[in-house]
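*Asks:* Questions regarding the structure given below will be posed in turn.
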Amino acid sequence: MLYRLRAMGLSAVVLEAGGGVGGTWYWNRYPGARCDSESYYYSYSFSEELQNEWTWSERFAGSSEILSYLNYVTDKFSLRDGIVFETRVAGAEFDRDANTWKVRTTGGAAYSAQFLITAVGCLSSANVPHIDGIEKFAGDLCHTASWPREVSFRGKRVGVIGTGSTGIQAIPLLARTAGHLTVFQRTANYSIPARNRPLAAEESDAIKADYPAIRALQRSTTNGHPYKIRDQSALAVSEAERRSVYEQAWSTGTLRFRAAYRDLLSDRAANETASDFLRSKIRQVVKDPETAEALVPKDHGFATKRPPIDTNYFETYNRPNVTLVDLKRSPITEITEHGLRTTSSEHELDAIVFATGFDAMTGPLLNMDIRTAGGASLRDRWREGPKSFLGLQVAGFPNMFTMTGPGSPSVLVNMPTAIEQHVDWISDCLSFMRARAYEVVEASEEAEAKWADAVREAADRTLLPSAASSWYLGANIPGKPRVFMPYAGGFAAYARICDDVSAREYEGFRFR
Ligand code: NAP
């Protein structure tokens, strides 16, 4: 966004809580953190020169390589001097007389700007659950989203709480060095092997040569990935054929498994065929039948919660130094000085790792005290769940754009694809305003209400709202309204809607 704003001749400042660039990749440095879309498809497309000169070393880049890439991008485009690091926004209020946002930081600094563009990420507000006695624990406590710079669990008794994408990436690596690893699992999860591997020079060259077609395909698909979903129902083929398709998808690895049939996320019976296949893989891999059974998801269908990809996750439970605790059978009661107690036993631990996820999508926005002119807060506005027009603006909050905000496809899409589409759309909107000398843009309440219906209807056409413990619904945070937050109508359809809105001179927005 900063690059585009500068290219338009606008002055902009980025306030960044971290001590360096990278966002997610700056904070989530836990062992095993790596992207879950192929590196090449995960990188930016806005500069042809950039995409041709950067070479990724692995199919799925690890966090340190991604961080090097993001630093490279920052320096290549001379963006560092536009970023104020270690600066956390405490609050922002719109001044209707001056048509500016007044922004306060936790360090006491103040900024004012005509436009406030939030780029705070969807998964950046860590969820540390309240567990009785947590303050008594004498060992190391950490959340994966603020991983300490210097930490070693070598030889220690480590407990991990959480088996989402993060836990599933970290557990195999933690198990390699821990003396003993105890995994505390509340909801069993599906996972597809990543099949990560180094990338040969010829493969990288071939991808670079094919970039125009790859990028066009990414922009034309549901998930912003460069492959199409097979246009066939899982129920239209024989069991033998289906099994062979699933075996092929399993050996290819990655989230591409979701594309094996077109109705995996819209038809319960179709979904069940994939879920059953993946359950059978868990039972095959995990040697102890009782552990295998506890690891088999039974309360939700495959990909109705965000599906993880892994390297040796289920295999890790065959190690002698790894124990699974099924919290559905015996929930955590408290953390003690020396470990963690469940209803059935006490586990002595030297370290507890919270892989307990995020207050997704709304958390990072509501952590800032954002208020409209007159003092009404975004928190009050969203008390019953987030509402926005296109996930880009909230009625009543003029000149504020929410990149990858609730109501946009964001987390259901390859993130850089979603981000770049928002950067383009916001930049075009600002150019439109400049050309007409408008100072203020604000989504109308009617457009916002219609979009809320569209977001709900899109979700209801899928099985996504059916996973009762999904963070897409806010279900992982006690007291959070249960509202399906991302737009599930697909990236390509969403981008078309945004383009139509701008082609109709930003219908649904008011300017003055
Ligand atoms: P998550 O998917 O929300 O998983 C959190 C885990 O912690 C779940 O197993 C959850 O159980 C458990 N948990 C939460 N509170 C708990 C409590 N009080 N007691 C016991 N268990 C508790 O979070 P995440 O794994 O950090 O992943 C979040 C998202 O980040 C992913 O879905 C993905 O979009 C993104 N991500 C991407 C990558 C990547 O490869 N690019 C890697 C990591 C994460 P329940 O399921 O029962 O709530």
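*Asks:* Look at E65 and say whether it is of a type in the set (D, E) and either crowded, with 18+ Cβ neighbours inside 10 Å or in a strand (DSSP E or B) (or both). If you could, list the steps in order and put the result at the bottom.
*Replies:* Values: of a type in the set (D, E): yes; either crowded, with 18+ Cβ neighbours inside 10 Å or in a strand (DSSP E or B) (or both): no.
So E65 does not fit the description; no.
*Asks:* Let me ask something else about it. Could you give me the residue pairs with C-beta distances under 7 Å whose first residue belongs to the stretch 184-195 and is over 9 Å from L255 (Cα atoms) and charged (D, E, K, R), whose second residue is near the ligand (Cβ under 8 Å from one of its atoms) and open to solvent by 10 Å² or more (accessible area, probe 1.4 Å) wherever it lies, and which are 6+ apart or on separate chains?
*Replies:* Filtered contacts from the stretch 184-195: R186/L327.
*Asks:* Determine which single condition D310 fails, assuming it passes every other condition in (1) under 30 Å from A270 (Cβ atoms); (2) within 10 Å of the ligand (Cβ to nearest atom); (3) out of contact with any Pro (no Cβ under 7 Å at 6 or more places or on another chain); (4) open to solvent by less than 60 Å² (accessible area, probe 1.4 Å).
*Replies:* (3)
*Asks:* Taking only the stretch 318-361 into account, find how many residues are part of a loop (DSSP other than H, G, I, E, B), away from the ligand (no atom under 15 Å from the Cβ) and open to solvent by less than 30 Å² (accessible area, probe 1.4 Å).
*Replies:* So the answer is 1.
*Asks:* Of all the residues that make up the stretch 466-483, how many are crowded, with 19+ Cβ neighbours inside 10 Å and more than 23 Å from R379 (Cβ to Cβ)?
*Replies:* Final tally of qualifying residues: 1.
*Asks:* Which of the following residues is of a type in the set (D, E, K, R) and out of contact with any Phe, Trp or Tyr (no Cβ under 8 Å at 6 or more places or on another chain): D36, D75, D95?
*Replies:* On the way: D36 fails: out of contact with any Phe, Trp or Tyr (no Cβ under 8 Å at 6 or more places or on another chain); D95 fails: out of contact with any Phe, Trp or Tyr (no Cβ under 8 Å at 6 or more places or on another chain).
From the options D36, D75, D95, the qualifying one is D75.
*Asks:* Would you call S125 at pLDDT 95 or above and open to solvent by 20 Å² or more (accessible area, probe 1.4 Å)?
*Replies:* Working: at pLDDT 95 or above: yes; open to solvent by 20 Å² or more (accessible area, probe 1.4 Å): no.
Taking the combined requirement at face value, the residue does not satisfy it.
*Asks:* Among the numbered criteria (1) open to solvent by 10 Å² or more (accessible area, probe 1.4 Å); (2) in contact with a Pro (Cβ under 6 Å, 6 or more places away or on another chain), which single criterion is violated by G253?
*Replies:* Status for G253: all satisfied but (1).
*Asks:* Run G164 past the list (1) within 16 Å of the ligand (Cβ to nearest atom); (2) open to solvent by 70 Å² or more (accessible area, probe 1.4 Å); (3) in contact (Cβ under 8 Å) with a residue 60 or more places away in the chain and report the number of the one that doesn't hold.
*Replies:* The failed condition is (2).
*Asks:* Give the stretch 209-236 a look and list any residue that's open to solvent by 30 Å² or more (accessible area, probe 1.4 Å) and in a helix (DSSP H, G or I), or say none. Step through it out loud before you land on a result.
*Replies:* As a first pass, look at the stretch 209-236 and keep what is open to solvent by 30 Å² or more (accessible area, probe 1.4 Å): 209-210, 212-213, 216-217, 219-220, 222-223, 227-232, 235-236.
A209, P212, A213, A216, L217, R219, L235, A236 - these are the residues of the stretch 209-236 that are open to solvent by 30 Å² or more (accessible area, probe 1.4 Å) and in a helix (DSSP H, G or I).
*Asks:* Here's another thing I want to ask about it. Name the single residue, out of those in the stretch 362-376 being open to solvent by 20 Å² or more (accessible area, probe 1.4 Å), assigned to a loop (DSSP other than H, G, I, E, B) and within 23 Å of W471 (Cβ to Cβ), that is nearest to the ligand (Cβ to nearest atom).
*Replies:* Out of the qualifying residues, it is N367.
*Asks:* Looking at R176, R154, which is the one that is away from the ligand (no atom under 13 Å from the Cβ) and in a helix (DSSP H, G or I)? Working first, answer last.
*Replies:* Details: R154 fails: in a helix (DSSP H, G or I).
Within the list R176, R154, the selection yields R176.
*Asks:* Scanning the stretch 114-140 for residues that are in contact (Cβ under 8 Å) with a residue 40 or more places away in the chain and outside any loop (DSSP other than H, G, I, E, B), which turns out nearest to G405 (Cα to Cα)?
*Replies:* The selected residue is T118.
*Asks:* While we're on this one: Taking the conditions exactly as written (β-branched (V, I, T) and either open to solvent by 50 Å² or more (accessible area, probe 1.4 Å) or farther than 22 Å from P364 by Cβ (or both)), does T87 satisfy them or not? Before you say what the answer is, go through the steps one by one.
*Replies:* On the way: β-branched (V, I, T): yes; either open to solvent by 50 Å² or more (accessible area, probe 1.4 Å) or farther than 22 Å from P364 by Cβ (or both): no.
The answer is no for T87.
*Asks:* Something else about it: Condition first: of a type in the set (D, E) and within 16 Å of the ligand (Cβ to nearest atom). Now tell me which residues in the stretch 269-307 satisfy that.
*Replies:* In the first step, residues of the stretch 269-307 are kept if they are of a type in the set (D, E); the result is 272, 276, 288, 290, 293, 299.
Of everything in the stretch 269-307, just one residue is of a type in the set (D, E) and within 16 Å of the ligand (Cβ to nearest atom), namely D299.
*Asks:* Moving on to the next point. Within the group P193, P148, which residue is more than 9 Å from the ligand (Cβ to nearest atom), more than 21 Å from Y472 (Cα to Cα) and touching a Cys at 6+ places or on another chain (Cβ under 9 Å)? Can you show your working first?
*Replies:* Details: P193 fails: touching a Cys at 6+ places or on another chain (Cβ under 9 Å).
Of the residues listed, the single one that is more than 9 Å from the ligand (Cβ to nearest atom), more than 21 Å from Y472 (Cα to Cα) and touching a Cys at 6+ places or on another chain (Cβ under 9 Å) is P148.
*Asks:* Within the stretch 1-47, count every residue that is more than 16 Å from the ligand (Cβ to nearest atom), open to solvent by 20 Å² or more (accessible area, probe 1.4 Å), within 28 Å of E58 (Cβ to Cβ) and polar (S, T, N, Q).
*Replies:* Qualifying residue count, the stretch 1-47: 1.
*Asks:* Look through the stretch 90-113, keep the residues that are of a type in the set (A, V, I, L, M, F, W, C) and not in a strand (DSSP E or B), and return whichever of them is surrounded by the most Cβ atoms within 10 Å (Cβ to Cβ).
*Replies:* At the first step, the residues of the stretch 90-113 found to be of a type in the set (A, V, I, L, M, F, W, C) are 90, 92, 94, 98, 101, 103, 109-110, 113.
Filter once more, so that each one left must be not in a strand (DSSP E or B): 98, 109.
Values: A98: 11, A109: 13.
Step by step, filter the stretch 90-113, then rank; the result is A109.
*Asks:* Read through the list (1) open to solvent by 60 Å² or more (accessible area, probe 1.4 Å); (2) in contact with a Phe, Trp or Tyr (Cβ under 9 Å, 6 or more places away or on another chain); (3) touching a residue at least 60 places away in the same chain (Cβ under 8 Å), then give the number of the only condition that F60 fails.
*Replies:* Failed condition: (1).
*Asks:* Which count do you get for residues in the stretch 428-451 that are assigned to a helix (DSSP H, G or I) and surrounded by 17 or more Cβ atoms within 10 Å (Cβ to Cβ)?
*Replies:* 6
*Asks:* Of the residues in the stretch 278-303, how many are more than 12 Å from N189 (Cα to Cα) and either touching a residue at least 40 places away in the same chain (Cβ under 8 Å) or surrounded by 20 or more Cβ atoms within 10 Å (Cβ to Cβ) (or both)?
*Replies:* Looking only at that region, the number is 1.
*Asks:* So, one more: Looking only at the stretch 92-106, decide whether some residue is more than 27 Å from the chain's Cα centre (by Cα) and within 16 Å of the ligand (Cβ to nearest atom).
*Replies:* no
The values are calculated or read from the model by the stated rules, or taken from the named source; none is laboratory data. Worth saying up front: this structure is predicted, and the values here are computed from it rather than measured. So basically every Cβ, Gly included, is an ideal-geometry build from the backbone, and we count neighbours across all protein chains shown. The area values use the complete protein model at the heavy-atom level, side chains included, leaving out ligands, DNA and RNA. Shrake-Rupley method; radii C 1.70, N 1.55, O 1.52, S 1.80 Å.
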